[in-house]
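Here is the structure we will look at, set down as structure tokens.
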Amino acid sequence: MIVNILRFSFKEETTEEEKAEVLTAMRRTASVESVSFSTVGQDLGDPAEGYTHAYCVGVADLAALERYMHDPVHLAGDHVILPHLAGLSAVRLSDDMDPELNDKVTAMHLKKVATYPDWGRLVEAVSGGQIPARA
């Protein structure tokens with residue numbers, strides 16, 4: 001299982017209606033066939049860290065991760081979601097002990113950036129160049 005947890009906050013100018021639209025898009029993305037489990041909602045971490053919400057998905061393996069990354073619902077959702085985010089932090093974990101797993105996931109992310117450069121620019125704008133989701 002590969003688990004991706006995103007903690008995020010909204011830009012100040014994001015309206016309540018836009019926040020609801022973003023959360024709906026996230027829930028839609030988190031419900032694609034390649035996702036084994038998911039949750040979207042409030043972040044319960046330290047408020048001083050600045051994150052207000054969280055997104056978590058688990059996918060079974062690398063094949064499921066690739067389907068998830070390129071799913072049309074995911075691709076469309078990111079264009080609704082990312083422009084409204086002020087900050088983004090990621091935690092990735094897996095029960096797969098392959099020592100090369102991180103490199104494989106990173107390679108998949110870089111391939112996605114090469115395939116969808118507009119998406120890559122959106123992610124970079126929110127994450128400050130960090131590879132936040134690798135997905």
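Residue separation of Q42 and V73 scaled by 0.36 nm, minus their Cα-Cα distance, works out to 8.9 nm of gained length. Between D96 and E33, the FRET efficiency estimated from the beta carbon spacing at R0 = 22 angstrom works out to 0.65. Excluding same-chain neighbours fewer than eight residues apart, the lysines reachable from K104 by a Cα-Cα span under 24 Å are K112. Packing, taken as the mean count of other beta carbons within 10 Å per residue, orders the peptides 79-86, 11-18 from highest to lowest as 79-86, 11-18. Its Cα gyration tensor gives the chain an equivalent ellipsoid. The semi-axes, each the square root of 5 times an eigenvalue, are 23, 16, 15 Å from largest down. Just add up the charged neighbours of K11: K/R +1, D/E -1, any other residue whose Cβ is under 12 Å from the Cβ of K11. Value of the local net charge: -2. For K19, a cut-off of 18 angstrom between C-alpha atoms picks up these aspartates and glutamates, skipping any fewer than 8 places away in its own chain: D43, D78.
None of the figures in this text is laboratory data; all of them are computed from the coordinates on show. Note that the structure is a prediction, hence the values are computed from the model and not measured. Note that each Cβ is placed from the backbone with ideal geometry, even for glycine, and that neighbours are counted across all protein chains shown.
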